[in-house]
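The values are calculated or read from the model by the stated rules, or taken from the named source; none is laboratory data. All values derive from a computational prediction rather than experimental measurement. All Cβ positions, glycine included, derive from the backbone under ideal geometry; neighbour counts span all protein chains shown. In case anyone asks, the SASA skips ligands and DNA or RNA and just uses the protein heavy atoms, side chains included. Shrake-Rupley method; radii C 1.70, N 1.55, O 1.52, S 1.80 Å.
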Amino acid sequence: MKTLAAATLVLLVLTSPALGQRQYVGLTGGATLSDFGNTTSGSRWGGVAGIAAGFRNYNWSVINLEATWTQRGDENIRLDYIDIPLLIGGVARAGSDIRTRFYAGIDVAFKIGCNAGTVVFNCDNAKGTQWFLPFGVMIGKWKTRSTYFGIDVRYLLGLSDTFETSNIWSRGWQFRVNVGRSVGQ
């Protein structure tokens, strides 16, 4: 019964764009800084780029769905993924056209590439799917009634192991720029 109630609640939230005051689509891109938990290896800088869509409800809650190419790893290995995060959060006004959004969600990542510089982390042992808990903050400005620009800082905590043969998980930061526009108004 709890599962049915939770599924119904999620379905209502995701299918309520009619209640939304503002629906949007956008592009996102920036840098990642990642490493592996449960190791002493160094970190790696990489990139992130993708698309986002979402809506803000009448009560200033926001639901956002993204598809991004993301680089992760450490000083010895680079892993490329397609991430699909579903984010839920709230918006606070910081002026007439400045918004601050706090959010958290769930992220599933599908491995699309691997480059290992050492045998310690072997690409053959890297799992094809990973789960993350993303949370962060975005500060944005609506340039006109229909376009926005934002700076986003996000942390992703790995919920699953990165490799089949070890208890090591990915974690990292994303520093992103977001641009987009309202749709359906």
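The condition of being closer than 14 Å to THR32 by Cβ, among the β-branched types (Val, Ile, Thr) and touching a residue at least 24 places away in the same chain (Cβ under 8 Å) holds for only one of VAL177, VAL137, VAL183, VAL153, that being VAL177. Do we have ASP124 as among the charged types (D, E, K, R) and farther than 17 Å from ALA52 by Cα here? So ASP124 passes the test.
Among the residues here, LEU27 does not qualify as under 20 Å from ASP107 (Cβ atoms), modelled with pLDDT under 90 and either surrounded by 14 or more Cβ atoms within 10 Å (Cβ to Cβ) or not small (Gly, Ala, Ser) (or both). Scan segment 75-101 for residues that are closer than 18 Å to TRP173 by Cα and modelled with pLDDT of 90 or more and jot them down. Residues satisfying the conditions are ARG78, LEU79, ASP80, TYR81, ILE82, ASP83, ILE84, PRO85, LEU86, LEU87, ARG101.
List every residue pair whose Cβ atoms lie under 6 Å apart, where the two residues are 6 or more positions apart in sequence or sit on different chains, the first residue falls within segment 92-106 and is more than 15 Å from ILE63 (Cβ to Cβ), and the second residue, located anywhere, is among the charged types (D, E, K, R) and assigned to a strand (DSSP E or B). So the pair list comes out as ASP97/LYS141; ILE98/LYS141.
Out of ALA52, ALA92, report the one residue that is open to solvent by 20 Å² or more (accessible area, probe 1.4 Å) and hydrophobic (A, V, I, L, M, F, W, C). So that I can check it myself, show each step before the final result.
Details: ALA52 fails: open to solvent by 20 Å² or more (accessible area, probe 1.4 Å).
That would be ALA92, the only listed residue that is open to solvent by 20 Å² or more (accessible area, probe 1.4 Å) and hydrophobic (A, V, I, L, M, F, W, C).
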